[in-house]
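For reference, the structure is listed below as structure tokens.
None of the figures in this text is laboratory data; all of them are computed from the coordinates on show. Keep in mind it's a predicted model, so treat the numbers as computed, not measured. Cβ atoms come from the backbone with ideal geometry, glycine included; neighbour counts cover every protein chain shown.
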Amino acid sequence: MAVTKEKVLEALSHVYDPEIPIDIVNLGLVYDIAIDGDIVNLQMTMTSPGCPSAREIILESQTLVSELDEVKEANIEIVWDPPWTPERMSEEARASMGID
């Protein structure tokens with residue numbers, strides 16, 4: 001059985017920014033998921049270039065995706081374009097933070 005974007009997103013939904021009680025998927029930090037057989041390449045960002053939890057978020061994301069049965073390798077590239085804004089958050093996440 002092959003890995004799917006849905007499985008990767010499910011795994012990533014367990015990674016939380018320690019400063020914000022919302023997972024990185026609903027925060028809109030995951031920009032792209034490319035799957036090539038058993039290799040997953042992720043493009044993601046942080047809420048700011050100076051995010052103090054960036055290393056922790058990256059390592060946890062890589063670990064959880066790598067632990068999927070169908071995944072041999074998980075690579076993460078941090079990108080800053082386009083910059084993250086609260087508009088990238090899911091409706092549910094914005095509502096939980098009182099953002100319209």
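Below is a table of values for the structure above.
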| item | result |
| --- | --- |
| By average C-beta atoms within 10 angstrom, highest first, the peptides 10-16, 93-99 | 10-16, 93-99 |
| Three-way shape call for region 43-90 based on the alpha-carbon gyration tensor, with the a/c threshold at 1.5 | prolate |
| The chain: antiparallel DSSP beta bridges as a percent of all, rounded to 5 | 55 |
| Estimated 222 nm signal from helices in the chain, with DSSP H stretches of n ≥ 4 weighted -39500 (n - 2.57), rounded to 500 | -8000 deg cm²/dmol |
| Convex hull volume per residue for the chain, taking Cα atoms only, in Å³ | 88 |
| Positive-end extreme of charge dipole, the chain - chosen from Leu68, Val40, Trp80 (charges on Cβ) | Trp80 |
